[in-house]
Every structure is written in C-alpha cells, then in structure tokens.
1. Tell me the label only: which of [x] 55; [y] 50; [z] 43 is percent of Cα pairs over 22 Å apart as calculated from this structure?
2. Taking the Cα centroid of segment 73-127 and of segment 33-71, what is the distance between the two, rounded to the nearest whole Å?
3. Among Lys179, Lys114, Lys53, what's the order by accessible area (1.4 angstrom probe), most exposed first?
4. Given the protein chains as shown and a 1.4 Å probe, how many square angstrom of Asp71 are accessible, to the nearest 10?
5. Under 23 Å from the Cα of Lys179, which lysines turn up, not counting those fewer than eight places away in the same chain?
6. Which parts of segment 65-99 would a label at Ala126 reach, counting a residue when its backbone N lies under 17 Å from a point 7 Å out along Cα-to-Cβ?
7. As a test of reading the structure, rank Thr9, Thr118 by solvent-accessible area (1.4 Å probe, protein chains only), most first.
8. Can you list the DSSP H helices in the chain whose Cα atoms extend at least 15 Å along the helix axis and whose mean Kyte-Doolittle hydropathy is 0.5 or higher?
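The values are calculated or read from the model by the stated rules, or taken from the named source; none is laboratory data. In this text the structure is predicted, and so the values were computed from the model without any measurement. Every residue, glycine among them, receives a Cβ derived from its backbone with ideal geometry; neighbour counts consider all protein chains shown. Side chains included, ligands, DNA and RNA excluded: accessible areas come from the protein's heavy atoms. Shrake-Rupley method; radii C 1.70, N 1.55, O 1.52, S 1.80 Å.
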Amino acid sequence: MTLTTRLLTPETWDDFAALVEASNGVWGGCWCMAFHPEGVGPGRTPDGNREAKLRHVTRGTVHQILVYDGDRCVGWCQFGPPAELPNVKNRRTYDRDADTPPDWRIGCVFTNAKDRGTGVAATAVAAALGEIRRAGGGIVEAYPEQTEDRPPQRGAYLHTGPEELYTRHGFTRVRKIAKWRWVMRAEVPSTT
C-alpha cells in the first residue's frame, strides 16, 4: 500500500463522496459534519448533511486531508480553526474547564473499514499537521479516545482517533472530558 494525500476540494469531492457512500454515510449519515457549526442530530438527515458538507467544500470553509491508496480514497483527517469546527463532544465538560482556546482543532479521523491498521490514520494526521505548519502553526487540540486499560473497541467508536495516534505526534493530555476521552494539545511550529 502506497499512501498519498490531497486536500478535500471541489476537485476531490467525488473521491470523498464515494468513500462516504460506500461507508453508509459514515456513522449513519454524518458525512463528517458533527464538528461543523450545523452539527448533526435532531432535524438533520444524511442527505442534508451531504449537501451541507458540499456547501462547505464549495465555499472553502473546510480543511480536510484525504488519504489515497492509488486512485482510491481510503480515509481522512478533518481539521480547522475553532470557528470552522466549533462542536466538541462532551461540550459541557469541555467548556467547564476551558482556558486558552486552540488555534486549530482536529475533528474526526476516518479509515475505510477494509483499510484499518495500514497507517491511513497516521498518514492523515501527519498531513493535517503539515498543512497547519504551512498555515502558520499554533496550538492544535484533538479529542481522542483512550484505548489503554480499556476493552477493545470497534473502529467506529474511535472516530476522533486513539490517544496513541496523537502521542506519536507530540500531543499531551490536558484534561479528561469523558470516561475515555481526553483533550490533548500540541504546539505546531510554522514552516515560514
């Protein structure tokens, strides 16, 4: 497997859409919208989420790395400034102990079920951090799931990524916001 990356743009939309559609809309029709201002949940439909995501892509209000194996899109990492990705799971707990807001957030990380365990998520996060460096760097926050000392989980439950994925990139725990979820941060230097 030789993995490459590209940004989600109008030109790569069809690749992203093919992966989402092959994955039942991702988590029942999310279309990677949960972190965006519109969010998901009551009143939201898979078709509505698809259209909302396409609008973000068309307007340029989305930052997302797509990972490819050849011509086939096999995963992604969503990232962006807090205004672009204001929604965080466990928001009440997150807000209670929040201090300085991050410059960037990493939202969800997704790998096609057949390609899990092949480095797709690691490639996606590394490429997202590279884009953040090129954009000026700053404090990056992620919200991964703790896997150590926990029963094994299906990949779908790790939609924000496992903690060890971020540890490899210099992220450290800041605080716990759920039984198995942490706020982790890293300072990413600028390449300029």
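1. [z]
2. Computed from Cα coordinates, the inter-centre distance equals 13 Å.
3. Working: Lys179 145, Lys114 185, Lys53 0 Å².
Reading off the accessible areas and sorting them downward yields Lys114, Lys179, Lys53.
4. Approximately 150 Å² of Asp71 is accessible to the 1.4 Å probe.
5. Lys89
6. So the set is 65-70, 74-78.
7. Thr118, Thr9
8. Span-like helices here: 120-134.
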